[in-house]
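Read through the structure below, which is laid out as structure tokens, and then see the notes.
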Amino acid sequence: MTVWCNPNASDWVRRWASVIPVGGRVLDLACGGGRHAIHLAGLGYDVIAVDRDLSLANVVRDTPGVTWLQADLEAAAWPFAGVTFQGVVVTNYLHRPMFDPLVAALEPGGVLIYETFSLGQAKYGRPRNPAHLLLPGELLEMVRGKMRVLGYEDVEEPEQRRCAQRLCAVKA
């Protein structure tokens, strides 16, 4: 059985993944095609990958170390009540009511790795809806007083046609 790391995982996730406690359980929220779930499983983490539509991940659904869960996180109750994680990874997804449950789902010492679009993205393309774009410093505010920030960026990357915020933080 071969486990491999996905070279398509974002640079931010690849940079900070090793901060997650070794062998920990990681939630890949809104996993899409599973690129981060595969990468994290390849590093030895036990991954739960959740998305409302898992069809994009069909070709990788037999990846060892990944449990796939189809759930509409915006229309249904939080599916992880009482479950804790040593890591949570979220990329290219924003649903603000999820902020508190994500932080609460982390064990002390657990790591949040978050990367998504921010205000200004509309000039480059989707998403354009302000409800799906982070405000300046919004990720920092989400964790203020609850987590220790290890890394944060609020960037405009014209060559990649994106505006983004990125955060890596450890729960106190």
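Quick note: the coordinates plus some simple rules give every number you see, no bench work behind them. Predicted, not measured: the structure shown is a model, and the values here were computed from it. No Cβ is skipped: glycine too gets one built from the backbone with ideal geometry, and neighbour counts run over all protein chains shown.
The table that follows gives values for the structure above.
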{"read-out": "Shape metrics for the range 46-172, restricted to C-alpha atoms - Rg then Dmax, Å", "value": "15.2, 42"}
{"read-out": "Rounded to whole Hz, the Karplus (6.51, -1.76, 1.60) HN-Hα couplings of the range 95-110, x for glycine and proline", "value": "9, 3, x, 7, 3, 5, x, 5, 5, 5, 6, 7, 6, x, x, x"}
{"read-out": "Alpha-carbon centroids, the range 21-86 and the range 136-172: separation in whole Å", "value": "21 Å"}
{"read-out": "Computed over the chain: relative contact order in percent, which uses C-alpha pairs under 8 Å that are six or more apart", "value": "19 percent"}
{"read-out": "Estimated vicinal HN-Hα couplings, Hz - the range 130-144 in sequence order (Karplus 6.51, -1.76, 1.60; Gly, Pro = x)", "value": "x, 5, 10, 10, 5, 7, x, x, 5, 5, 4, 5, 4, 9, 3"}
{"read-out": "About the Cα centre, charge dipole magnitude for the chain (Lys/Arg +1, Asp/Glu -1 at Cβ), debye", "value": "140 debye"}
{"read-out": "Relative contact order of the range 1-88, defined on C-alpha pairs under 8 angstrom at six or more residues apart (%)", "value": "31 percent"}
{"read-out": "Rg(Cα) / (2.2 N^0.38 Å) computed for the range 1-112, rounded to two decimals", "value": "0.97"}
